[in-house]
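The values are calculated or read from the model by the stated rules, or taken from the named source; none is laboratory data. Nothing here was measured: the structure is a model prediction, and the numbers come from that model. Note: ideal-geometry Cβ built from the backbone for every residue, glycine included; neighbour counts use all protein chains shown. Please note that ligands, DNA and RNA were not included when accessible areas were found on the heavy atoms of the full protein model with its side chains. Shrake-Rupley method; radii C 1.70, N 1.55, O 1.52, S 1.80 Å.
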Amino acid sequence: MSKQKETLLTMRNISKGFAGVQALKDVQLTLRKGEVHALMGENGAGKSTLMKCMIGVHEADEGEIVYKGKTVKFASVLEAQHAGISMIFQELNLIPHLTVAENIFFAREPMKMGMVDKAKMIKESEKLLSLFDIDVSPTDEVRTLPVAKQQMVEIAKALSFDVEILIMDEPTSALTEKEIDKLFELVDKLRERGVSIVYISHRMEELKRICDHITIFRDGTYVSDHVFSEISMDEIITKMVGRSLDNHFPPKTATIEDKVILSVMNAERYGVFEPLNFDLRKGEILGITGLVGAKRTELARSIFGADPLDGGDIYVHDHKVSIKDPSDAIKAGIAYLSEDRKLNGVAVRMTIRENITMASMDKVSNGAGVISYDKEKKAANTFIDKMEIKTPTIEQLVNNLSGGNQQKVVIGKWLFRDATVMIFDEPTRGIDVGAKYAIYQLLDELAASGVGVIMISSELPEILGVSDRVIVMREGRMTGMLETKATNQEEIMHYATGVKDMFTHEYGEA
Ligand SMILES: Nc1ncnc2c1ncn2[C@@H]1O[C@H](COP(=O)(O)OP(=O)(O)OP(=O)(O)O)[C@@H](O)[C@H]1O
Ligand SMILES: [Mg+2]
């Protein structure tokens with residue numbers, strides 16, 4: 001890393017405005033050959049926009065891009081791809097009703113006698129998929145694949161061109177740990193081959209593992225760039241946020257009372273999770289953690305009625321509730337913010353105002369059922385402030401918000417709904433450090449106001465910093481229930497990996 005690498009691409013004095021938003025102001029980026037280069041900045045800082053200017057999605061209003069010694073301006077993504085620059089977009093970009101092979105070769109299908117050579121397309125796709133160890137069939141329709149696999153298909157597609165620069169915009173937000181490891185192996189291989197990678201992520205741990213260089217942005221401006229090993233995490237955060245964040249977690253204001261809000265008794269799903277019991281008390285934030293395959297999300301979905309429980313009872317404020325589907329759960333006061341918000345949480349073609357109020361029309365209507373614009377406006381503004389959503393107006397289409405800000409809109413929508421119990425599944429995924437703090441504060445406020453809060457999270461520092469007690473799950477079993485004050489990451493990992501199990505006496509089983 002010490003050796004000066006050859007410059008492959010520079011972006012100079014780039015500015016880009018949209019109606020009402022100056023997304024980039026006089027920004028620069030220098031990319032060297034064979035490096036992994038992190039872009040960091042808060043949600044809405046302009047990272048995705050800068051990359052879209054590089055690859056011809058947007059045309060910059062000002063500035064210059066020099067690639068391999070020549071000034072370039074790509075008119076389309078395809079043009080950039082043919083020049084060796086590919087991007088994996090934050091919001092997946094595949095065409096759902098086409099197959100994997102059709103997606104990979106979209107708009108450049110191999111031809112034979114004037115027809116698409118399907119056999120060749122499938123064969124080539126197979127080669128590519130197996131090269132990267134991606135377990136999907138070229139003939140699968142993309143919409144039938146889980147998000148993680150779609151993500152891998154995007155990656156295969158990007159690599160099907162001869163890439164010299166590969167841009168990955170939040171590539172791991174939908175991946176499991178195992179898939180992330182695979183992706184990183186791939187990144188290493190590409191780097192060895194001299195490919196430059198632009199890596200956008202809010203996950204510091206990932207950046208530490210793979211990045212050589214970092215450029216930091218704030219509010220559409222360039223702040224600085226560094227050799228990654230020469231800057232500390234705290235310095236990065238200070239530069240990103242413009243102030244230092246001494247505490248990553250807000251102080252807790254809610255006090256825990258004896259009153260039980262939610263009781264889950266002997267809840268089970270055959271073949272998915274074993275019978276488990278827990279109570280959630282007033283003022284408490286209950287964490288649920290575990291490794292991939294622990295079945296945390298499955299548990300949440302069952303409490304919410306999205307999947308059926310095969311046995312067990314659920315009590316809300318001491319009343320037994322019967323939950324057959326999500327509408328029963330909502331009536332019983334249970335809300336669930338799912339982890340794949342990109343897919344089903346947000347209506348991207350609607351405005352922020354509409355998204356925030358759409359699940360709570362009763363709260364913005366008058367007695368006669370007529371919707372009050374003023375009430376909608378007030379609600380939207382409240383959550384834009386609370387969640388620090390970066391937007392010029394409440395009428396902005398959600399589609400035009402940055403990825404992280406889209407997620408905040410979904411959280412706002414559920415907060416506005418006023419539930420008795422709220423289950424948050426990975427609420428801070430894709431969200432920048434500053435905004436994470438705001439979300440933690442909100443969870444605390446909710447708990448203080450008497451809402452039962454459950455937070456599913458894979459990030460142990462977050463679990464320890466935010467929740468009062470934590471349930472640890474492993475392969476469909478609850479293996480631990482710990483007071484977070486009296487535990488640590490290591491102990492939680494013991495329960496998550498099966499070294500310890502509180503509810504059997506056999507320690508050390510595999
Ligand atoms: N098509 C568009 N129309 C209007 N505004 C846009 C458009 N695309 C981006 N913006 C705005 O430009 C700013 C920069 O957005 P960008 O998506 O580049 O942020 P980001 O750094 O990638 O954030 P995140 O970490 O949340 O993904 C934001 O204020 C965003 O709302
Ligand atoms: Mg982005």
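Assigning unit charges at the beta carbon (Lys, Arg +1; Asp, Glu -1) and nothing else, what dipole magnitude in debye, to the nearest 20, does segment 345-418 show about its Cα centre?
On the way: 11 positive and 8 negative charges, 19 e Å.
Approximately 100 debye in magnitude.
Around SER48, with a cut-off of 10 angstrom between Cβ atoms, what is the net charge of the other residues, counting Lys and Arg +1 and Asp and Glu -1?
Working: positive: LYS47, LYS52; negative: GLU91, ASP169, GLU170.
Here the count lands on -1.
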Between LYS127 and GLN28, Cβ-based FRET efficiency (R0 60 Å, step 0.05) works out to 0.95
The answer for the chain, accessible area per residue at 1.4 Å probe in Å², is 45
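Using only the heavy atoms of the protein chains and a 1.4 Å probe, how would THR487, THR238, THR215 rank by accessible area, largest first?
On the way: THR487 20, THR238 55, THR215 0 Å².
I get THR238, THR487, THR215, largest accessible area first.
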Taking 472-483, 492-503 and ranking on average Cβ neighbours within 10 Å, highest first, one gets 472-483, 492-503
Computed over the chain: longest principal axis from alpha-carbon atoms vs helix 118-131 long axis, angle to nearest 10 degrees, is 70
Note on the chain: C-alpha Rg/Rh, Kirkwood Rh, two decimals, gives 0.98
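Using R₀ = 35 Å, calculate the FRET efficiency as 1/(1 + (r/R₀)^6) where r is the Cβ-Cβ separation of ASN277 and GLU91; round to 0.05. Please report the intermediate quantities before stating the final value.
On the way: r = 39 Å, r/R0 = 1.13.
Efficiency for this residue pair is about 0.35.
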Note: MET111 to ASP135 extended length (0.36 nm per residue) minus current alpha-carbon separation gives 6.0 nm
For the chain, whose charge dipole is built from +1 on Lys and Arg Cβ atoms and -1 on Asp and Glu Cβ atoms, the candidate among HIS494, ALA419, GLY63 with its Cα farthest towards the positive end is GLY63
Mean Cβ-within-10 Å packing, highest first, puts peptides 364-373, 433-442 in the order 433-442, 364-373
Dipole check, the chain, charges on Cβ (K,R +1; D,E -1), about Cα centroid: among THR289, MET121, PRO138 the Cα furthest to the positive pole belongs to MET121
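Pop out the carbon and sulfur fraction of the accessible area of the chain as a percent, whole number, probe 1.4 Å. Don't skip to the answer; put the middle values down first.
Values: 11210 of 22870 Å².
C and S atoms contribute 49 percent here.
Where does each of VAL66, VAL153 land when they are ordered by accessible area, with a 1.4 Å probe and the largest first?
Details: VAL66 25, VAL153 0 Å².
The ranking, largest first, comes out as VAL66, VAL153.
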Once both label points are put 7 Å beyond Cα along the C-beta direction, the ASN381-ASN399 separation in nm becomes 2.7
Among ALA75, TYR222, VAL100, the residue whose Cα sits farthest towards the positive end of the charge dipole of segment 7-241 (+1 at Cβ of Lys and Arg, -1 at Cβ of Asp and Glu, taken about the Cα centre) is ALA75
Here the gain from full extension of THR176 to VAL66, 0.36 nm per residue of separation minus their alpha-carbon distance, amounts to 36.0 nm
For segment 7-241, the Cα-Cα pair-distance distribution in 5 Å bins from 0, as whole percents, is 1, 6, 14, 18, 19, 16, 12, 7, 4, 1, 0, 0
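Can you compute the FRET efficiency between ALA486 and ASP258 using 1/(1 + (r/R0)^6), with r the Cβ-Cβ distance and R0 = 25 Å? Round to the nearest 0.05. Walk me through the numbers before you get to the answer.
Values: r = 19 Å, r/R0 = 0.77.
The computed FRET efficiency comes out at 0.85.
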With +1 at each Lys and Arg Cβ and -1 at each Asp and Glu Cβ, the charge dipole magnitude of the chain around its Cα centre, to the nearest 20 debye, comes out at 1220
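Which of the pairs LYS295/LYS324; LYS295/LYS500; LYS189/LYS295 have their Cα atoms more than 21 Å apart in this structure?
Working: LYS295/LYS324 19 Å; LYS295/LYS500 18 Å; LYS189/LYS295 32 Å.
As for pairs spanning more than 21 Å Cα to Cα, those are LYS189/LYS295.
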